[in-house]
Every structure is written in structure tokens, then in C-alpha cells.
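Engineer: Below is one structure. I have some questions about it.
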Amino acid sequence: MRIPKIYERKAAEGKPVFSLEVFPPKRKKNKDSIYAAVEKLRVTDPDFISVTYGAGGNIADDSTCEIAATIKRDYGIETVAHLTCINSTREDVQVMIERFRDSNIENVMALRGDIVPGEDIKRQFAHANELAIEIQRKCSDDLDILGACYPEGHYESESLESDIQNLKYKIGAGVKVLITQLFFDNREFYKFIELARGGGINVPVSAGIMPIVKASQIEKTVQLSGASLPHKFTAMIADYEHDPEGLYRAGIEYAVGQCRDLIEHGVDGIHIYTMNDPVVAIRVWEGIRDLL
Ligand code: FAD
């Protein structure tokens, strides 16, 4: 099923779309661990699962396509295959699009990918909107396009306002649904939505939520994300600095609180960054299932 249709149906029911994100296991030999995770995640009855793609744009690696196709075929869950473009040629992109189409994938998230300073990249595509144009040109009838957005502005942008101006290029290029970068302060999300709607961006926006349940995530994810940290969040981290089990419970509770507040404010969708950990995602879902 096409993802924009899912948002339309859920909006008509007055419910948020509930989706999950997974990534291909780094080692090929752990390939099947993703299916064990999806098997467990099934209980949450997600509206779709999205599968990330490496920024390196290596077309020899077809794991995103394979995983997205398998989840759809064997688990009956709709999928979104991510695709980055910064290190791809037009031919590479065409190969990937053909592969998605041949694998019965109907939804693609068009992304630029991060630019690593000093790394040699192809740069035939400068921005995600150019990838969206290419997908539209190749097969607008067969694939729907999603895109990324940033409640606190993308790290390269001068301001949130200019980032939102640039976001309009994506919408103009055919992106029909947006999913946000992770954030911990819902007020930032509400501010972003107000600015985006005021700026004429009317496509559905799902809030990307990452439950923080381990100290190692604080350095790796929280600090790198550049997301604002409200007092409630920093207090939680401080309170459980030496208590891993307490942090695990509090991190899930924090994510549940964020989701419940977002749903009560009428969010179009909740997208959980699962980090391939089904237990955490299921615990968050259990905390919000009465609202889904
Ligand atoms: P763009 O939309 O191109 O934006 C990048 C910057 O350029 C922004 O500052 C923007 O304001 C500016 N800009 C955009 N368009 C224009 C334009 N036409 N002219 C001038 N400036 C412009 N990375 C991966 O490698 N693999 C993944 O699977 C992946 N999945 C993601 C999923 C989500 C939901 C999110 C939020 C991010 C994901 N990322 C992924 C990370 C993403 O690749 C990076 O954040 C990247 O730096 C920007 O990608 P983008 O598609 O938003 O780029």
C-alpha cells in the first residue's frame, strides 16, 4: 500500500500513523537477526517499517532492498526503503529504483546522506529534492516518495526558517510525507510544525522518537544529534547516571511521555527509531497503544 494513503486513512479515523525504523545489520552474517526483531515487532501492528540505507551509496549492497522486500512479502507489513544520493551517479540511482520496483517496493525515502568532510564523493546529486525529481521522472506511478525534516533545523542550515524554505523544494519535487529527525523537546516540534504549516507545507509529518535507554547512547546519539535537551531529560540522565536499569526504565517512560503528548496535540504520526531493539520499541508501544 502507498504510504500517503495510510496517512489519509488514519487521519480520517482521527488516529496517528504508527511506524518503526530498522537498519540492515552491519555484518552480513547477522543478516537474519533483523527478521527475528521484525517477528517480535509484529505485535505492535505497525502501519509501516522503514529500512535505512548507507550514505556511501554502494549499489553492490542490496540489503536495504532485500530487507524491505522481505518484511513486506513475508510479514505482510508495508515498508519504505531509504535511498541516499550524495555518493551516487544517476545510473546508480536508476539501478536502485529498478531494484525497488522489481522487488514490489512502493515507497522510497529520498535522502541526501551526510557529507563527511574530506571524503571524496560523487556529488551528481546535491540535495534530496534532486533525487526526488529523478524518482518522479523514472517512475512516478510506481513509487511514492517520503523525505526527512528537522524540527530544530538541519545542522548545515543558517536558520530553521531557511531550512523550511529548502524543505519546500522537496515537497515541490513530489515528497508526500515527512519524517523528523529525533528530538527530545516537543516544544521544538510544535514550533517547527507551526512554521512549516505557515510556510505552506501541508504534507503529513511523523515525529521521529528515539528512546534513550543506555548511557552509551547519550554520547553517541544525543550529543551528536544536536537536539535541545529540556531540563526533564537532563535531570533523568543525571538521576540515573550510575543506575543502568533505572535509566532503561526512565528512558522508555520519557519516550512514552513524549509520544502521548504529541498524540494529544494531534500529531500525524509517531515513528520510532528502534535501533533494531524490539523490546524497547514494544515497551514504548505498550505505553501508547490505547491512543493508537
Ligand atoms: P537535504 O534535503 O538535501 O538537506 C540538506 C541540507 O541542504 C539542509 O541544510 C537543507 O536546508 C539544504 N537544502 C536542501 N535542499 C536544498 C536546495 N535545493 N538548495 C539549497 N539547499 C538545500 N542518512 C543515511 O545515510 N541513510 C538513511 O537511511 C537515513 N535516513 C534518515 C531518515 C530520517 C527520517 C532522517 C531525519 C535522516 C536520515 N538520514 C539518513 C540522515 C540524512 O541523510 C542527513 O541528515 C543528511 O545530512 C541530510 O539529508 P536530507 O535528505 O535531509 O538532505
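Engineer: Within segment 67-89, how many residues turn out to be more than 13 Å from the ligand (Cβ to nearest atom) and aliphatic (A, V, I, L, M)?
Structural biologist: 3
Engineer: Only residues in segment 77-90 that are touching a residue at least 40 places away in the same chain (Cβ under 8 Å) and among the basic types (Lys, Arg) count as the first member; pair them with residues that are more than 9 Å from the ligand (Cβ to nearest atom) and not in a loop (DSSP other than H, G, I, E, B), Cβ under 8 angstrom, at least 6 apart or cross-chain, and list the lot.
Structural biologist: Correct list of pairs: Arg90/Glu134.
Engineer: Tell me which residues, restricted to segment 98-125, are at positive phi, more than 13 Å from the ligand (Cβ to nearest atom) and either open to solvent by less than 30 Å² (accessible area, probe 1.4 Å) or at pLDDT 90 or above (or both).
Structural biologist: Matches in segment 98-125: Asn104 only.
Engineer: Given the condition β-branched (Val, Ile, Thr), under 18 Å from the mean Cα position of the chain (by Cα) and open to solvent by 40 Å² or more (accessible area, probe 1.4 Å), answer yes or no: does some residue in segment 167-180 qualify?
Structural biologist: Scanning segment 167-180 turns up at least one residue that is β-branched (Val, Ile, Thr), under 18 Å from the mean Cα position of the chain (by Cα) and open to solvent by 40 Å² or more (accessible area, probe 1.4 Å).
Engineer: Further question: Evaluate segment 133-144: report whether one residue or more is within 9 Å of the ligand (Cβ to nearest atom), touching a strand residue (DSSP E or B) at 6+ places or on another chain (Cβ under 8 Å) and modelled with pLDDT of 95 or more.
Structural biologist: No, that holds for no residue.
Engineer: Is it the case, given these coordinates, that Thr64 is in contact with a Pro (Cβ under 8 Å, 6 or more places away or on another chain), open to solvent by 10 Å² or more (accessible area, probe 1.4 Å) and touching a residue at least 12 places away in the same chain (Cβ under 8 Å)?
Structural biologist: no
Engineer: Sort out which residues of segment 27-50 are more than 15 Å from Val280 (Cβ to Cβ), open to solvent by less than 10 Å² (accessible area, probe 1.4 Å) and either among the polar types (S, T, N, Q) or more than 16 Å from the ligand (Cβ to nearest atom) (or both), and write them in order of number.
Structural biologist: Ser50
Engineer: Tell me yes or no: at least one residue of segment 21-41 is on the phi > 0 side of the Ramachandran plot and either aromatic (Phe, Trp, Tyr) or out of contact with any Lys or Arg (no Cβ under 8 Å at 6 or more places or on another chain) (or both).
Structural biologist: No, segment 21-41 contains no residue that is on the phi > 0 side of the Ramachandran plot and either aromatic (Phe, Trp, Tyr) or out of contact with any Lys or Arg (no Cβ under 8 Å at 6 or more places or on another chain) (or both).
Engineer: Working only within segment 247-276, note down all residues that are among the small types (Gly, Ala, Ser), under 20 Å from Lys232 (Cβ atoms) and either in contact (Cβ under 8 Å) with a residue 40 or more places away in the chain or touching a helix residue (DSSP H, G or I) at 6+ places or on another chain (Cβ under 8 Å) (or both).
Structural biologist: Across segment 247-276, the qualifying residues are Ala250, Gly251, Ala255.
The values are calculated or read from the model by the stated rules, or taken from the named source; none is laboratory data. Keep in mind it's a predicted model, so treat the numbers as computed, not measured. Don't worry about glycine lacking a Cβ; one is built from the backbone with ideal geometry, like all the others, and counts go over all protein chains shown. Surface areas here come from the heavy atoms of the whole protein model, side chains and all, with no ligands, DNA or RNA. Shrake-Rupley method; radii C 1.70, N 1.55, O 1.52, S 1.80 Å.
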